[in-house]
Amino acid sequence: MDIYLIRHTKTAAIAGLCYGQSDMPLADSFTDELPLLQQKLPDLVEDSLVFSSPLTRCLRLSETLSDTVITDERLLELNFGAWENQRFDEIEPKLLRHWTDHFVGTAPPDGESFDDLYQRTGSFWQDLVQHNAGQVLVVTHAGVIRALLARVLSLPPANAFQFRINLGSVHKLQHIAGYTYIEYLNK
């Protein structure tokens with residue numbers, strides 16, 4: 001099974017905004033970015049599955065790729081809780097520093113830790129590899145892609161941020177006979 005992890009394109013968010021699970025729309029540049037992203041993807045085959053985060057920035061992209069999209073809340077970005085829709089430079093520096101130093105096990109106020117994200121995306125992954133599709137597209141967020149790559153490579157969650165996940169990027173994995181290979185990252 002060929003698995004394409006796809007990060008949404010640029011959003012309309014102002015620079016420096018913390019918007020994990022906030023439903024941020026795509027930027028006006030989406031119509032220009034879409035053809036570039038589509039060039040990175042194969043034509044969909046008959047048994048293709050397309051999964052998407054339910055947030056608009058992913059769902060809008062997914063629906064341009066397929067008429068049949070399966071939304072899954074496990075593909076949501078990290079929940080930043082009380083920090084959602086705040087600029088990072090407006091968050092109390094001591095709290096932000098503590099979180100950045102301990103993001104794996106520490107959650108923002110009323111949010112979730114990266115370990116929480118890692119666990120829920122792991123549940124999605126276990127279900128995904130049970131499918132017998134030839135091709136799967138997963139349209140989601142940078143945090144989710146990092147967590148899935150760390151899981152596939154058996155890396156500690158703390159190492160997930162060593163993966164650069166560009167806006168509008170595609171990451172191809174291949175799952176064969178219970179083993180996952182990485183074909184390429186960040187195309």
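A short reminder: the numbers here are calculations on the coordinates, not readings from a lab. These figures come from a predicted structure and were not determined experimentally. Note that each Cβ is placed from the backbone with ideal geometry, even for glycine, and that neighbours are counted across all protein chains shown.
Treating cross-link reach as a plain straight distance, find the lysines whose alpha-carbon is under 22 Å from the alpha-carbon of Lys172, omitting any fewer than eight places away in the same chain.
Lys10, Lys40, Lys187
Answer with one residue from Ser29, His175, Leu65: the one whose Cα lies farthest towards the positive end of the charge dipole of the stretch 2-184, charges on Cβ with Lys, Arg +1 and Asp, Glu -1.
Result: His175.
Could you please rank Ser52, Ser154, Ser66, Ser29, placing first whichever residue has the fewest other Cβ atoms within 10 Å of its Cβ?
On the way: Ser52 25, Ser154 6, Ser66 16, Ser29 13.
Result, fewest neighbours first: Ser154, Ser29, Ser66, Ser52.
If each DSSP helix of 4+ residues adds -39,500 (n - 2.57) and the sum is divided by the residues in the chain, what number results at 222 nm, nearest 500 deg cm²/dmol?
-8500 deg cm²/dmol
Give the Rg (one decimal place) followed by the Dmax (whole number) of the stretch 92-187, computed from C-alpha coordinates and expressed in Å.
Both quantities, over Cα of the stretch 92-187: 14.6, 48 Å.
Helix 56-65 sits at what angle to the longest principal axis of the chain, using alpha carbons and giving 0 to 90 degrees rounded to 10?
10 degrees
Hull surface divided by four, with the convex hull built on the Cα atoms of the chain: how many nm²?
Result: a mean projected hull area of 10.0 nm².
If you line up the long axis of helix 114-128 against the longest principal axis of the chain, both from Cα atoms, how many degrees apart are they, to the nearest 10?
10 degrees
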